[in-house]
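Read the structure below first, then the notes.
The values are calculated or read from the model by the stated rules, or taken from the named source; none is laboratory data. Quantities reported herein were computed from a predicted structural model and do not represent experimental measurements. All Cβ positions, even for glycine, are placed from backbone atoms using ideal geometry, and neighbour counts span all protein chains on display. All accessible areas refer to the heavy atoms of the entire protein, side chains included, with ligands and DNA or RNA removed. Shrake-Rupley method; radii C 1.70, N 1.55, O 1.52, S 1.80 Å.
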Amino acid sequence: MIKIGIFSQLSRVSIRMLRHYDDLGLLKPDAVDSSTGYRYYSFDQLYEANRIRALRDMGFGLSAIAEILKQYQNSEALETFLLSELEKTIRQEQEARTRAKLINTALKGLREDDCSMQYNVTLKTIPERYVASLRKIVPTYDAEGDLWNQMAEETDHALQLSDPCYPISVYHDGEYKEKDIDAEIQVAVEGTYEDTDNVVFKTVEATKVASTVYKGSYDQSYVAHEAVANWVEENGYDYDGPMINIYHVSPGHDPNPENWVTEVCCPIKKK
């Protein structure tokens, strides 16, 4: 069983929206504590949440999603439906092309027997390291790049990076949020430095994580998160801190999202 905050992080659906799904009967918690009202979810429900989120990203409203999932209850029927929507979308104007891309992604996932099986999850330790850190509230997840630019400007691009340098992002909210994100970026450095207005230099302790690597744009990371969540459950571990992203190939290296390589890391401990 997963608490609603952890389920929110793994599914990338805010707690507010999960409660709304519950009210609509679209995705009800697996259990509710009668004394506290706390909602708990099962790992199997990550697939349901991801499918709802994918349909929302395609532009369908929640009432339409409820009808779609009711009418097309297997992958073959849903694939036929989505192919029809794709053909319709491609005929539309340029502003609809983003929606067509999302439908293509969903179709690719439906044709896989088990999309999470393509990810090799491993147990590793991110070693203790001395880092430059910048933590701020940003309006959206897409604004993370502004933090990297600010770090470079405030340090005058003069940091001596370690090898490896572990360019990392950490989100401290304890849930997936739609705005006002508590974000931290870190990069491992050699030597010692004075803090700037926003950049803090500190030692970060070693962190044991379950990790997997995926290639592509960040909006598809939820599949990698699902693979890590399944591994954590199957191997008897518990969560021990906020999710971590390590950027092996980032927009700063290559502007093409298809070439981005990200390692999704979940801090863990034995139950």
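Here are some notes:
- Checking the Cα-Cα distances for Lys179/Lys271; Lys124/Lys215; Lys177/Lys270; Lys28/Lys124 against a 31 Å cut-off, the pairs over it are Lys179/Lys271; Lys28/Lys124.
- Note, ³J(HN,Hα) from phi for segment 143-151, Karplus 6.51, -1.76, 1.60, rounded to Hz, x at Gly and Pro: 7, 4, x, 5, 5, 5, 5, 5, 4
- Converting phi to 3J(HN,Hα) with the Karplus coefficients 6.51, -1.76 and 1.60 and the offset θ = phi - 60°, segment 125-131 yields 10, 7, x, 4, 7, 9, 10 Hz in sequence order, with x at every glycine or proline.
- Checking every one of the trypsin sites (Lys or Arg not before Pro) in segment 123-219 against DSSP loop status and a limit of 14 other Cβ atoms within 10 Å picks out Lys179.
- Rolling a 1.4 Å probe over the protein heavy atoms gives segment 16-104 an accessible area of 62 Å² per residue.
- Å² per residue, accessible surface of segment 189-270 at 1.4 Å: 48 Å²
- Karplus-derived 3J(HN,Hα) values for segment 41-49, using 6.51 cos²θ - 1.76 cosθ + 1.60 with θ = phi - 60°, are 10, 9, 5, 4, 6, 4, 4, 4, 5 Hz; glycine and proline are entered as x.
- Principal-axis tilt of helix 62-71 within the chain, Cα atoms, nearest 10 degrees: 60 degrees
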